[in-house]
Structure formats: C-alpha cells, structure tokens
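Here is the structure we will look at, set down as structure tokens.
Just so it is clear, none of the values below were taken in a lab; they were calculated from the coordinates. Just so it is clear, the model here is predicted, and its values are computed rather than measured. With ideal geometry, Cβ positions are generated from the backbone for all residues, glycine too; neighbour counts draw on all protein chains shown.
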C-alpha cells in the first residue's frame with residue numbers, strides 16, 4: 001500500500017454475476033494501493049463466506065474491508081429467474097436509506113480507523129446511489145456488468161419507442177432488422193433486443209427499471225464497462241457521444257490475472273462463487289481427449305422447465321459427444337425424478353453432471369472444445385479469453401444481444417436463440433465440435449489474442465484502468481485541498 005488516502009466504496013447489485021466481476025475490480029484497485037470497502041448484501045456475504053476463501057484472500061490487502069447491508073428481501077426469496085425484479089423494489093425501499101446513513105459522517109463507512117470514503121463505484125442499475133453520493137459531495141462512477149452493445153441497446157430504448165418498434169406486437173416479424181440502435185443496424189433484429197424489451201406492456205416493471213436506470217447514467221462522473229476496445233469498438237464510440245468519460249477495462253478476470261502475474265510467479269487460485277464448486281469435474285476432464293468435451297452451463301440465474309432440460313439432455317446424448325453439464329440447485333422447474341433410461345445411460349457413458357463448477361478453470365482445460373452457454377457477459381468473456389467457441393442459448397437481460405454478437409458479428413460460435421429442440425441441439429453440437437469447427441478456429445484465436453493483448457502493459461484496458469485509478473486519486477486530492 002502507498003500513502004494515498006483514496007477510499008473507494010464498491011457497491012454491486014446482489015446477484016452472482018455482478019458481485020463476481022466487481023470483486024475482481026476491487027482487487028485490481030487494491031493492487032494499485034487504494035483503500036477499498038466492498039458493500040455486499042447480507043445474504044451474498046454469507047454465501048461467499050460459506051463457499052469461498054474470499055475473506056482470507058483479501059486479507060493480504062490491509063486497506064480492504066467488507067461491509068454488509070440488507071437487500072430488503074426475506075432469506076427464502078429465490079432471487080433468480082423472473083423474481084430478480086423484486087430486488088430492485090426492495091433495494092429502493094429498504095437499502096437506499098440505510099446506504100445513505102452508512103455514508104454520512106459518523107456512519108460505519110466513515111469510521112476513524114480508515115480514510116473517509118472519497119468516491120463510490122456503484123452498480124449501474126442502482127442509480128439512487130448517484131443522489132446519495134452527490135448529497136455527500138463525493139464522485140461516483142457507475143459500473144455496468146453487461147456488454148457495451150447491450151448497454152447501448154438499452155440507451156436507445158426511448159428512440160425505439162418513438163419509432164414504433166417497441167412495444168413488440170403480436171404480428172411483428174422478430175427477424176426484422178432495427179434501425180433505431182445506431183451502429184448495429186446491419187445485424188440487430190427485434191429478436192436480439194434485451195429480453196426486457198419483449199414485454200407487451202411498456203409499464204412492465206423490469207422494462208421500466210432497466211430503461212430508467214440506463215438513462216440516468218450520464219449523471220455519474222464516469223461509466224465503467226467490463227469489455228475491451230477491439231471487441232466492441234462500434235458500441236463504445238456511440239456511448240462516448242453521450243457519456244464521454246468511459247472506462248473499458250475488461251476482460252476483468254484476465255486483467256486481474258495479468259496484474260497478479262506481474263507481481264508474483266504463481267497467483268493463488270481464487271473463486272467468487274455463491275455455490276460450492278464440485279472439483280471432481282476437473283479430475284474427469286483430465287481423463288478426456290483434447291478438445292473432445294462440450295461444457296454446458298446456463299449460469300447463475302437461468303431457470304429451465306423440465307421439458308427444456310429433457311430436450312437439451314437428449315440433444316447432448318444423441319450427439320455422442322462428451323459433455324460436462326452444470327445443473328445448478330433449484331434451477332429446473334417441475335419433477336426432478338423419473339428421467340428416461342436412455343438419458344441416464346448416455347450420461348454414464350459420455351457425460352458428467354455437477355451442481356456447480358470452477359468455470360474459468362474448466363474453460364481453460366485442454367479437454368474442453370466448446371461451450372453451450374446462456375451468453376451471460378462474464379461467461380462470454382471467459383470463453384473468448386480461453387479461445388473456446390460457443391453455442392448460445394440466451395435466457396434474459398443482455399444475453400439476447402450477446403448471443404447475436406457471438407454468432408453473427410464476431411463469428412465465435414452459433415446463436416440458438418428461442419430454440420429448444422433435441423434435433424437442433426444435436427446438430428449444432430456436432431457442428432461446433434466437428435463438422436464446422438474449422439470455420440471457427442481463426443476468429444476464435446484472433447479474438448483471444450486481442451483480449452489478452454488489451455490487459456497487458458500498454459494495452460487499451462490496462463491504460464483505461466490506470467486512468468480510472470488516477471482520476472480517483474486526483475479527485476481525493478482535490479477534496480483534501482478544499
């Protein structure tokens with residue numbers, strides 16, 4: 001740690017994907033010598049304590065502290081699937097006033113044994129934090145955990161409403177190209193808009209939240225995105241016309257690894273998971289041939305019906321390819337018993353199923369040759385860095401945009417959006433793992449190299465993070481002077 005008195009409060013939206021990548025940002029800031037407080041919801045923090053070594057891992061940074069706050073929901077609330085929107089409402093009602101109290105002089109975030117909070121990095125879908133930070137008189141930066149392209153699509157929603165593209169009508173042609181999202185006119189279809197845009201009623205709560213929160217972004221001191229310039233240059237150019245102070249600092253997991261490797265020969269293995277990782281899958285992968293396994297995971301929020309589970313399962317078994325499948329606890333609705341014998345026998349022969357897996361390690365394993373994914377942004381970036389081609393089956397939020405980019409723009413895999421059929425799954429798995437593999441190798445390898453180049457010294461993401469750190473330190477010094 002250096003003598004800088006900057007104290008950054010990082011406040012993520014309380015779900016797995018948001019917490020995980022913002023913890024990586026927290027560690028990157030700690031490496032630069034900043035004091036950092038990470039504000040978690042109570043339930044998220046308990047799960048981190050249960051399933052990770054995150055507290056002992058961050059103990060090597062003397063300027064780091066965890067604090068907790070209620071998300072306002074009862075402990076048994078599922079906090080997943082279509083119930084995620086409940087978190088928005090409870091946070092506004094319960095968490096906002098408590099957050100303000102914590103930041104005020106004398107609050108627990110400004111106690112005497114550490115410098116006062118001098119800036120806030122808040123999740124960009126909690127814009128009430130802007131009001132609180134401005135009241136306290138400290139700068140605030142928003143961090144959006146979605147792709148730049150998705151953020152830009154959200155930002156263009158008022159324009160899409162004005163043009164009549166939204167709300168989507170029953171007789172709309174879903175494959176119609178949209179002209180309302182500047183820079184994406186050649187490939188973005190109605191089908192590819194973020195899932196919240198599929199609401200038939202514009203008063204839909206989820207649609208209202210993501211639209212209004214995105215429009216508030218310009219009020220912050222800057223916008224942080226987990227992406228890199230070469231990957232989403234077009235969207236970043238458009239966003240900067242409205243929000244000039246933008247920091248593209250991703251892929252965060254690769255960025256953190258790069259900076260840790262610059263300081264130590266062998267950085268420790270780490271996890272920010274909210275579920276217990278089953279590491280037996282790594283032993284199973286060790287026994288498989290190179291690039292022979294397709295890894296299947298639909299992330300931390302997706303909810304499958306029993307019918308969808310069965311269709312995917314038949315497709316995987318019938319492809320006769322080896323597969324490693326993550327089926328998260330309580331992620332399948334309906335009867336979890338009495339599965340067809342063919343599926344059970346096919347899995348015994350060629351598959352391995354776990355409740356949760358160390359995904360970054362899995363994707364980096366030489367046996368893994370493909371990824372059947374929900375197209376969450378963290379998963380997409382992890383697949384890009386590991387040079388693993390993707391089959392995309394998006395569930396909600398930004399995933400519809402991401403899958404279109406993967407399949408149509410970057411040519412890193414296939415977009416299977418809105419299809420859940422065993423015959424299609426079987427065919428696309430065979431295409432990815434064999435028949436059409438050669439056409440993916442070059443773009444996948446090219447994008448992997450660009451991603452890794454962005455986070456090393458003099459890379460664009462490396463430089464953007466340095467600029468963010470300098471801006472945080474400069475604002476602290478100005479505050480001390482005045």
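If R₀ is 41 angstrom, what is the calculated FRET efficiency for the pair residue 218 and residue 168, using the beta carbon separation as r and rounding to 0.05? All intermediate terms of the calculation are to be shown ahead of the outcome.
Numbers: r = 27 Å, r/R0 = 0.66.
Plugging the Cβ-Cβ distance into 1/(1 + (r/R0)^6) gives 0.95.
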- For the range 299-370, what relative contact order do you get, as a whole percent, if you take Cα pairs closer than 8 Å and at least 6 residues apart? 38
- Message: At 7 Å along Cα-to-Cβ for each site, give me the label-to-label distance between residue 85 and residue 179 in nm.
- Response: 3.1
- Please give the contour-minus-distance gain from residue 94 to residue 202: 0.36 nm per residue of separation, less the Cα-Cα distance, rounded to one decimal in nm. 36.3 nm
- Query: R0 = 25 Å: FRET efficiency of residue 333 with residue 424, Cβ-based, nearest 0.05?
  - Reply: 0.70
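In the calculated pair distance distribution of the range 149-292, what percentage of Cα-Cα distances lie above 28 Å?
Values: 4280 of 10296 pairs.
Result: 42 percent of Cα pairs exceed 28 Å.
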- Compute the long axis of helix 377-386 from its Cα atoms, compare it with the longest principal axis of the Cα atoms of the chain, and write down the angle in degrees, 0 to 90, nearest 10. 70
- Task: In nm, give the distance between the simple-model label positions of residue 449 and residue 60, each being 7 Å from the Cα along the Cα-to-Cβ direction.
- Result: 3.2
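Between Rg and the Kirkwood Rh of the chain, both from Cα atoms, what is the Rg to Rh ratio?
0.95
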- Note on the structure: Extension length gain for residue 68 and residue 353 (0.36 nm per residue less Cα distance), in nm, is 99.2 nm
- Task: Averaging over all projection directions, find the projected area of the Cα convex hull of the range 280-451 and quote it in nm² with one decimal place.
- Result: 9.0
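Please work out whether the range 75-204 counts as rounded, prolate or oblate from its C-alpha gyration tensor, where a ≥ b ≥ c are the square roots of the eigenvalues and a/c under 1.5 means rounded, while otherwise a/b larger than b/c means prolate and anything else oblate?
prolate
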- Degrees between helix 341-350 axis and first principal axis of the chain (Cα, 0 to 90, nearest 10): 70
- Taking the Cα-to-Cβ direction at residue 441 and at residue 291 and moving 7 Å from each Cα, how far apart do the two end points lie in nm? 0.5
- Message: Run lengths n ≥ 4 of DSSP H only: what is the helix-derived mean residue ellipticity at 222 nm for the chain, with -39500 (n - 2.57) per run over all residues, to the nearest 500?
- Response: -12000 deg cm²/dmol
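May I ask you to derive the FRET efficiency for residue 269 and residue 76 from their Cβ-Cβ distance with R0 = 35 Å, giving the value to the nearest 0.05? Please report the intermediate quantities before stating the final value.
Working: r = 32 Å, r/R0 = 0.92.
My answer for the efficiency is 0.60.
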- The extension gain from residue 306 to residue 234, computed as 0.36 nm times the residue separation minus the Cα-Cα distance, is 22.0 nm
- Query: Taking Cα centroids, how far is the range 1-63 from the range 351-417 in Å?
  - Reply: 26
- Relative contact order for the range 111-206, counting Cα pairs under 8 Å that sit 6 or more residues apart, in percent: 20
- Query: Helix 252-261 sits at what angle to the longest principal axis of the chain, using alpha carbons and giving 0 to 90 degrees rounded to 10?
  - Reply: 70
- Note on the structure: quick note, the chain, DSSP beta bridge pairs, % antiparallel (nearest 5) is 0
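Normalised by the number of residues in the chain, what is the relative contact order in percent for Cα pairs under 8 Å and 6+ residues apart?
Details: 850 pairs, mean separation 76.5, N = 482.
16 percent.
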